[in-house]
Amino acid sequence: MFKKVLVANRGEIAVRILRACEERGVETVAVYSDADRNALHVRYATEAYHIGPPPSAESYLRIDKIIDVAKKSGADAIHPGYGFLAENDDFAQAVIDAGITFIGPSPESMRLMGDKISARNTVIAAGVPVVPGTAAGLRDEQIQAEAAAIGFPVLIKASAGGGGKGMRAVRTPEELEPALGAARREAKNAFGDDTVYLEKLIERPRHIEIQILGDKHGHVIHLGERECSIQRRHQKLIEEAPSVAVSAELRTRMGEVAVKAAQAVGYYSAGTMEFLLDQSGNFYFLEMNTRLQVEHPVTELVTGVDIVKEMMTIADGRRLRWKQEDIKPKGWAIECRITAEDPINNFMPSGGKITTLQEPTGPGVRVESGIYEGFEVSLFYDPMIAKLIVWGENRAEALLRMRRALNEYRIGGLKTSIPFHQQIMNSTQFMWGAFDTNFLQDRFNVTFIERPEMELSAAIAAALVAHGKGQQATMLAPATTQAGSSWKRGAGWKR
């Protein structure tokens, strides 16, 4: 095993990886910008090195600086975490060329699956179902002709993109031309590449992903699915495992397809195959994330597999110690991404010093955080400052445990998404599992201003009914449910 690992990241994921290394008896190296001089990951590491000013382009995205620190510190491996350089095949190759182990997939796999068009073509050749669409690189007039053949509505997507950048839903032919121009401009600004393509727009789908692990000896397994449909502007906010919409039979089929797709590119390390699940139970390949996912803890809690440690084991050339028949998910896990944003003000970023911090504890509660009392939250980086994850024997217990944990969570000095998550947990439709990727956009309003009184009886009843129906949810809520919350304005304290 490696003697010293450099973590090329910051925040809660850097802390997560540092902890895994410590449990393995491995020394660690942190890198930090001016804004993160006093960050938690800097305190946790064995050694820490300054790499530049706050902007990511001058610090965390500087391949040369990170490689230089690895050489100076004597690190024999680098873990990229997620975000920043995690899916940059040039970075992976530079690490390998420097004689250092990259804790992740091969640069070739990253390159092939990182481009959405090449990934799409690869999985099609492997027999994986995909959403009907076009090739990339077509001129606007060609795209317009293809759109008519595919049929509206369609979705414009950036070939090199992610996170909703360069993405536009188009419902009529008249909307297509201006939408193409806007998507190309946004893609160019975000990724330096204005290449786009079309896909048929699947109405009100669920976003389901399959976690995979593969070693360098050709052995690939899956760890079941995660439900990632609670999204705002294509950014995930809440995840859970398993999904109320996935039966045992569907889980097996999706898992087999995910493994087949990974094997088609000789994939090793942790990775995620993302799918859209329509209301008829058909699923379609969306993309592959060639890295550790933000939501990996929910899978860890239901399977007992430490994905970060397995990544290190795989990078070290060892065989997976797990066989597919060994993976027997138990219970239910839910994750809420805690962000420094003001949900009542259109999720505007909210930086500043944390004046109070009280994290929830107790049975089945896990907090992954990059903050502490007195820490200054910067606006230079992603607003996610922590993740709250809970486990229960079933979805009902997990929902109630999340409600309890959110109620205990206190972060003072800045606005956070905690009240938003509390409201989601009080949504009857969410309790029933009757949601899709358009839930927040079409059927949910953030309307709170004060801390609520919690109406647990409604939550227990709805959650247990949903769980009692074989853990299967309808795609549409019962007529008696409401999308809003059960929150009340009362003598609560303002967050």
Review point. Where a ≥ b ≥ c are the square roots of the eigenvalues of the C-alpha gyration tensor, would you call region 191-326 rounded, which needs a/c under 1.5, or, failing that, prolate if a/b is larger than b/c, or oblate?
Key: prolate
Review point. What are the residues whose amide H is under 5 Å from the amide H of Asn394, where those residues sit 5 or more places off or on another chain and H is modelled from the backbone?
Key: Trp332
Revision key, fill the gap. If Trp432, Trp391, Trp322 are placed from fewest to most neighbouring beta carbons inside 10 Å, the sequence is Trp322, Trp432, Trp391
Study note, to complete from the structure: Simple spin-label estimate for Asp326/Glu393, 7 Å along Cα→Cβ, in nm, reads 2.7 nm
Practice item. Once you have a ≥ b ≥ c as the square roots of the Cα gyration tensor eigenvalues for region 132-200, tell me rounded if a/c is under 1.5, and otherwise prolate or oblate according to whether a/b is larger than b/c. Key: prolate
Review point. So what is the relative contact order for the chain, in percent, with contacts set as C-alpha pairs under 8 Å and at least six apart?
Key: 13 percent
Practice item. Go through region 349-357 residue by residue and turn each phi into a ³J(HN,Hα) via Karplus (6.51, -1.76, 1.60, θ = phi - 60°); whole Hz please, and just put x for glycine and proline. Key: x, 9, x, x, 7, 7, 8, 9, 9
Study note, to complete from the structure: Amide H neighbours of Val130 at under 5 Å, excluding residues fewer than 5 places away on the same chain, with H built from the backbone geometry, are Phe285
Review point. By how many nm would the segment from Met1 to Gln142 lengthen if fully extended, with 0.36 nm per residue of separation less the alpha-carbon distance?
Key: 45.5 nm
Point to revise | Å³ per residue enclosed by the Cα convex hull of region 4-103 | key: 79 Å³
Check your understanding: Taking θ as phi - 60°, what are the ³J(HN,Hα) couplings along region 238-244 by the Karplus curve (6.51, -1.76, 1.60), each to the nearest whole Hz, with x for Gly and Pro?
Key -> 9, 10, 8, 9, x, 9, 5
**Study point:** Computed over region 220-263, the ratio Rg/Rh where both radii use C-alpha atoms and Rh is Kirkwood
**Key:** 1.04
Study note, to complete from the structure: Stokes-Einstein D for region 255-326 (10 °C, 1.306 mPa s, Kirkwood Rh from Cα pairs), in µm²/s, comes to 116 µm²/s
Exercise for review: Please state, as a whole number in µm²/s, the translational diffusion coefficient that the Stokes-Einstein equation yields for the chain at 10 °C and 1.306 mPa s, with Rh defined as the Kirkwood radius across alpha carbon pairs.
Suggested key: 68 µm²/s
Check your understanding: Cα centroids of region 58-135 and region 150-190: how far apart, whole angstrom?
Key -> 25 Å
Revision key, fill the gap. Here FRET efficiency (C-beta to C-beta, Glu373 to Asn189, R₀ 41 Å, nearest 0.05) is 0.65
Check your understanding: Could you give the Stokes-Einstein D for region 206-468 in µm² per second, using the C-alpha Kirkwood radius, 4 °C, 1.567 mPa s?
Key -> 68 µm²/s
Check your understanding: For region 52-199, what class follows from the C-alpha gyration tensor (a ≥ b ≥ c being the square roots of its eigenvalues): rounded when a/c is under 1.5, otherwise prolate if a/b is larger than b/c, else oblate?
Key -> prolate
Check your understanding: What list do you get for Phe84, Phe191, Phe420 if you sort them by fewest beta carbons within 10 Å?
Key -> Phe191, Phe84, Phe420
Practice item. Using R₀ = 56 Å, calculate the FRET efficiency as 1/(1 + (r/R₀)^6) where r is the Cβ-Cβ separation of Glu108 and Asn407; round to 0.05. Key: 0.75
Point to revise | Whole-Å semi-axes of the ellipsoid equivalent to region 333-376 (Cα gyration tensor, √5λ, descending) | key: 21, 16, 8
Review point. Say each of Glu249 and Glu175 gets a label point 7 Å from the Cα, pointing the same way as Cα to Cβ; how far apart are those two points in nm?
Key: 3.6 nm
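Every number in this text was worked out from the coordinates using simple rules, so none of it is lab data. All values derive from a computational prediction rather than experimental measurement. Glycine gets a Cβ as well: all are built from the backbone with ideal geometry, and neighbour counts include every protein chain shown.
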